[in-house]
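Colleague: I have a structure I would like to understand better, so I am pasting it below and will then ask my questions one at a time.
The values are calculated or read from the model by the stated rules, or taken from the named source; none is laboratory data. Quantities reported herein were computed from a predicted structural model and do not represent experimental measurements. So basically every Cβ, Gly included, is an ideal-geometry build from the backbone, and we count neighbours across all protein chains shown. Side chains are part of the model used for accessible areas, which takes the heavy atoms of the whole protein and leaves out ligands, DNA and RNA. Shrake-Rupley method; radii C 1.70, N 1.55, O 1.52, S 1.80 Å.
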Amino acid sequence: MIKKFVLTTILVVSTLNLVARTYELTSPDGMNVISVNYDKYGLTYSLAYDGEKQFVSTPVSMCVENKVWGAPGDYLRKVIRSSFDSPIVFPVARKYKESVERYNSMRLVFGDYDVEFRAYNDGVAYRFIGKVNKSGKVMSESSGYRFDKDYEAYVLLTKGLQCWYEEDYTVAKLSELPVDGISLTPLMVTTGNARLLLSESDLHNYSGSYLKAVEGGFDFLFAAYPAAQELRENGSKRLVTEREDFIVESNLNRSFPWRVAGVFPLGNDAAILNSELIYLLGERTTDDFSWVKPGKLLWDWWNCNNIIGVDFKAGINTDTYRYLIDYAEAHNFEYVLFDEGWSGKNDLLSLNPNVDMPSLCRYAAEKGVGVCLWSNWVTMDRPLIDALDLMASWGVKGVKVDFMERNDAEMVEFYHRVAREAAARKMLVNFRSSYPADGLHALYPNVMTREGVIGLEYNKWSERATPTHNLIIPYLRQWASGMDYTPGSMVNTQKKFFRVRHDDPMSIGTRCHHMAMYVVYESPLQMLSDSPSKYDMSPEWFPYLETVPTVWDETVPLWGTIGENLAVARRKDQTWFVGAMISGDAVQKNIDLSFLPEGEWEVTLWKDGVNADKNAVDFKTENYTVTSESIIAVDFAPNGGCTAILKRL
């Protein structure tokens, strides 16, 4: 039986708000303190962590029709405080199967609206809650973050409000950011004693946010609702050419998205890996999603179907796809993904004549392998119900929807519509070219992962997926939701030897650097991106690739610094897995096994070979017995890694 503890107190505000008032809210551990002010300037708030100021007084308001919520002069009727302490079980166990949710809440009650603040141990958030049962337009929302010192920030600068959500990180002082530069979220600000991760959650029927650089911090920026659109690139993309003067028009008896600041102690970046704050703030499902089956997915697009040693012409055809199904069955990979080309051009209701999809799905079902199919969003949107019904009739298990490249309110509702309709047919969803952070996976656990990251595909045409980048994203992008980086490269090289090869791609970093991603990177639907022929050339990796899970019962961060290194231990059932990655120069680092229960454990360790500094594919495998008192000293090659499986004896 799940037990909840909720304590509520109500403070009745008896004055007419003529005097400035400050209300404080503290996290359960006492470290995060929100100060909310309501005075002649309106509603503002600030944050302190462990006694030190984080961001200073920042205005909070929302313009609804012709009224500004949070403006001075509104009657603050009462303040309701509550505490929440309850176990939580995750329908899809990204970091862990179960946990405990604890927070303190403070709700400022006005007339037509409330403003709710929450303080968790790993962050704070606020949102507006409308209470008027009528339709209205949200014209604007004013908020952001202000800092009284010139702190360093990690930002994802983009040129406009229609983009791939795949940018390089810029690391700079706040004063060095371009004026009005637009950043994707999450972004990070390093204060005197903390890392702040700034983002949002519970996004529905509203525009997703950006953060615009201004003097001393950031302002939220939102794309207005589309007024006109046009098809481009032969009908495969739909771009907004004109926008309305409002964010969204909807019923005002609703909650609005959370504005979120994750807070983590400086010097302990690895603590970020334990946070599920974005999920906890999202609206959660009450439906049964026990049918969701996470797993690894053999993918054809990244490696361009470069298969050798077969008696058929490899490509987008039935023979190649049957081969991939057979390969997935042989190695216990749960799914195959057939990417662009299986259907008619911009038409999901017709088939490529070289692909017999109904028979392939029947064949895969006989083999115990699930089929997932790709589509761009425009092609999916036009016949959504008919297309999903057709796929369901074949037995398709999931869809990968691509190239949305927007996060205005209309597009946000497309995400919800796809997730809802796919769930109704017990199908999984992977969003590509997508905005990353919104908590949708709490409401629809069949949304397994999403892109919104520079992933391995970028090494097909650039050098942008670097080891340094690979060690920024688990602290920043991954904090928001499952991250579809698409690991699995078997052609590994140090940067000076790297060459762009679109049809036979390489990756930067050692073999062990890339294999460790299967433990470090979180994605309940995790790609195997390289060609089966490449995996066959290194059979030593099959014991690892065939058994490494994609969801976890327990996560224990070991050490890490953003952009430099990371080590994490994760448990599935009674087996532990360790993944560690570094960027830059060779180094020796220790893996402390004190997370293990008592007793003896057999470890299989894959680590960089002695020549991995020159030939990055070089690795060494070791087997021995350890206990919770053991420490494994690992020599990491430049841009190296290691991974391990630990089983109880």
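Colleague: What is the number of the single condition among (1) open to solvent by 10 Å² or more (accessible area, probe 1.4 Å); (2) part of a strand (DSSP E or B) that PRO72 does not meet?
Modeller: Of (1) open to solvent by 10 Å² or more (accessible area, probe 1.4 Å); (2) part of a strand (DSSP E or B), only one is false for PRO72: (2).
Colleague: Output the residues belonging to the range 202-245 that are assigned to a strand (DSSP E or B), hydroxyl-bearing (Ser, Thr, Tyr) and over 27 Å from GLY282 (Cβ atoms).
Modeller: Result: THR241, single match.
Colleague: Could you tell me whether any residue of the range 602-623 is modelled with pLDDT of 95 or more and on the phi > 0 side of the Ramachandran plot? Steps first, please.
Modeller: Here is the first cut: in the range 602-623, the ones modelled with pLDDT of 95 or more are 602-623.
Narrowing further to those that are on the phi > 0 side of the Ramachandran plot: none.
The answer is no, given that none of the residues of the range 602-623 is modelled with pLDDT of 95 or more and on the phi > 0 side of the Ramachandran plot.
Colleague: Search the range 323-358 for residues being assigned to a strand (DSSP E or B) and open to solvent by 30 Å² or more (accessible area, probe 1.4 Å), and hand back the single one that is nearest to TRP299 (Cα to Cα).
Modeller: Restricting to residues being assigned to a strand (DSSP E or B) and open to solvent by 30 Å² or more (accessible area, probe 1.4 Å), the top hit is LEU351.
Colleague: Suppose we keep only residues that are open to solvent by 40 Å² or more (accessible area, probe 1.4 Å) and not in a strand (DSSP E or B) within the range 46-65. Which one would you say is nearest to VAL124 (Cα to Cα)?
Modeller: ASP50
Colleague: With the checklist (1) touching a helix residue (DSSP H, G or I) at 6+ places or on another chain (Cβ under 6 Å); (2) at pLDDT 95 or above in hand, flag the one item LEU221 doesn't pass.
Modeller: With respect to (1) touching a helix residue (DSSP H, G or I) at 6+ places or on another chain (Cβ under 6 Å); (2) at pLDDT 95 or above, LEU221 is out only on (1).
Colleague: Let me ask something else about it. Answer yes or no: is there a residue in the range 394-403 that is modelled with pLDDT of 95 or more, part of a helix (DSSP H, G or I) and not polar (S, T, N, Q).
Modeller: Yes, because at least one residue in the range 394-403 is modelled with pLDDT of 95 or more, part of a helix (DSSP H, G or I) and not polar (S, T, N, Q).
Colleague: Being touching a helix residue (DSSP H, G or I) at 6+ places or on another chain (Cβ under 7 Å), modelled with pLDDT of 95 or more and either open to solvent by 40 Å² or more (accessible area, probe 1.4 Å) or not aliphatic (A, V, I, L, M) (or both): is that true of VAL310 here?
Modeller: Yes: the conditions hold for VAL310.
Colleague: Given the options ASP613, ASP585, ASP553, name the one that is farther than 20 Å from LEU456 by Cα and under 24 Å from the mean Cα position of the chain (by Cα).
Modeller: ASP553
Colleague: Go through the range 90-102 and give me each residue that's open to solvent by 30 Å² or more (accessible area, probe 1.4 Å) and either aromatic (Phe, Trp, Tyr) or free of Cβ contacts under 8 Å to residues at least 60 places away in the same chain (or both).
Modeller: Residues satisfying the conditions are TYR96, GLU98, VAL100.
Colleague: Could we say that ASN253 is more than 27 Å from SER433 (Cβ to Cβ), polar (S, T, N, Q) and in a loop (DSSP other than H, G, I, E, B) here?
Modeller: Answer is yes for this residue.
Colleague: Something else now. With the requirement that a residue be surrounded by 24 or more Cβ atoms within 10 Å (Cβ to Cβ), within 13 Å of ALA261 (Cα to Cα) and polar (S, T, N, Q), what does the range 184-222 give you?
Modeller: Those that are surrounded by 24 or more Cβ atoms within 10 Å (Cβ to Cβ), within 13 Å of ALA261 (Cα to Cα) and polar (S, T, N, Q): THR185, SER199, SER201.
Colleague: Filter the range 423-439 for residues that are over 23 Å from LEU161 (Cβ atoms), of a type in the set (A, V, I, L, M, F, W, C) and buried (at least 24 other Cβ atoms within 10 Å of the Cβ) and give the result. Give the derivation first.
Modeller: Start the filter on the range 423-439 by keeping residues that are over 23 Å from LEU161 (Cβ atoms), which leaves 423-430.
From the residues that got through so far, the ones that are of a type in the set (A, V, I, L, M, F, W, C) too are 423-424, 427-429.
Matches in the range 423-439: LEU428, VAL429.
Colleague: While we're on this one: Pairs please, first residue from the range 179-192 and under 20 Å from ALA480 (Cα atoms) and modelled with pLDDT of 95 or more, second anywhere and open to solvent by less than 20 Å² (accessible area, probe 1.4 Å) and polar (S, T, N, Q), Cβ atoms under 9 Å, 6+ apart in sequence or on different chains.
Modeller: As it stands, the answer is ILE182/THR158; SER183/THR158; LEU184/THR158; THR185/SER199; THR185/SER209; PRO186/SER199; LEU187/SER199; VAL189/GLN54, since those pairs meet every condition given.
Colleague: Please state which one of THR561, THR550, THR555, THR575 is farther than 20 Å from THR486 by Cα, open to solvent by less than 20 Å² (accessible area, probe 1.4 Å) and of a type in the set (Ser, Thr, Tyr).
Modeller: From the options THR561, THR550, THR555, THR575, the qualifying one is THR555.
Colleague: Under 9 Å between Cβ atoms, which residue pairs at least 6 apart in sequence (or on different chains) link something in the range 494-510 that is on the phi > 0 side of the Ramachandran plot and without any contact (Cβ under 8 Å) to a residue 24 or more places away in the chain with a partner that is surrounded by 12 or more Cβ atoms within 10 Å (Cβ to Cβ) and part of a loop (DSSP other than H, G, I, E, B)?
Modeller: If the second residue must be surrounded by 12 or more Cβ atoms within 10 Å (Cβ to Cβ) and part of a loop (DSSP other than H, G, I, E, B), no pairs are left.
Colleague: Also, quick follow-up: In the range 578-629, which residue that is in contact with a helix residue (DSSP H, G or I) (Cβ under 7 Å, 6 or more places away or on another chain), in a strand (DSSP E or B) and of a type outside the set (S, T, N, Q) is surrounded by the most Cβ atoms within 10 Å (Cβ to Cβ)?
Modeller: Among those that are in contact with a helix residue (DSSP H, G or I) (Cβ under 7 Å, 6 or more places away or on another chain), in a strand (DSSP E or B) and of a type outside the set (S, T, N, Q), it is MET581.
Colleague: On the given criteria, is ALA261 surrounded by 14 or more Cβ atoms within 10 Å (Cβ to Cβ), over 26 Å from PRO549 (Cα atoms), modelled with pLDDT of 95 or more and not charged (D, E, K, R)? I'd like the intermediate steps shown before the answer.
Modeller: Values: surrounded by 14 or more Cβ atoms within 10 Å (Cβ to Cβ): yes; over 26 Å from PRO549 (Cα atoms): yes; modelled with pLDDT of 95 or more: yes; not charged (D, E, K, R): yes.
It is true that ALA261 is surrounded by 14 or more Cβ atoms within 10 Å (Cβ to Cβ), over 26 Å from PRO549 (Cα atoms), modelled with pLDDT of 95 or more and not charged (D, E, K, R).
Colleague: Could you tell me which numbered condition ARG254 fails, if it satisfies all but one of (1) under 24 Å from the mean Cα position of the chain (by Cα); (2) under 24 Å from TYR103 (Cβ atoms)?
Modeller: Every listed condition holds for ARG254 apart from (1).
Colleague: Oh, and also: Would you say GLU457 is among the acidic types (Asp, Glu), over 17 Å from SER183 (Cβ atoms) and open to solvent by 10 Å² or more (accessible area, probe 1.4 Å)? I'd like the intermediate steps shown before the answer.
Modeller: Working: among the acidic types (Asp, Glu): yes; over 17 Å from SER183 (Cβ atoms): yes; open to solvent by 10 Å² or more (accessible area, probe 1.4 Å): yes.
Yes; evaluated as a whole, the condition is true for this residue.
Colleague: Related question: Could you list all residues from the range 19-45 that are of a type outside the set (Phe, Trp, Tyr), outside any strand (DSSP E or B) and surrounded by fewer than 17 Cβ atoms within 10 Å (Cβ to Cβ)?
Modeller: If the condition is that a residue be of a type outside the set (Phe, Trp, Tyr), outside any strand (DSSP E or B) and surrounded by fewer than 17 Cβ atoms within 10 Å (Cβ to Cβ), then VAL19, ALA20, PRO28, ASP29, GLY30, LYS40 are the ones that fit.
Colleague: Any chance the range 403-420 includes a residue that's more than 30 Å from LYS159 (Cα to Cα), free of Cβ contacts under 8 Å to residues at least 40 places away in the same chain and among the aromatic types (Phe, Trp, Tyr)?
Modeller: If we filter the range 403-420 for residues that are more than 30 Å from LYS159 (Cα to Cα), which is where we start, we get 420.
Next, from what is left, pick out any that are free of Cβ contacts under 8 Å to residues at least 40 places away in the same chain: 420.
In the following step, the residues that additionally are among the aromatic types (Phe, Trp, Tyr) were identified as none.
Scanning the range 403-420, I find no residue that is more than 30 Å from LYS159 (Cα to Cα), free of Cβ contacts under 8 Å to residues at least 40 places away in the same chain and among the aromatic types (Phe, Trp, Tyr), so the answer is no.
Colleague: Within the group LEU239, LEU277, LEU266, which residue is within 18 Å of TYR49 (Cβ to Cβ) and either polar (S, T, N, Q) or surrounded by fewer than 16 Cβ atoms within 10 Å (Cβ to Cβ) (or both)?
Modeller: LEU266
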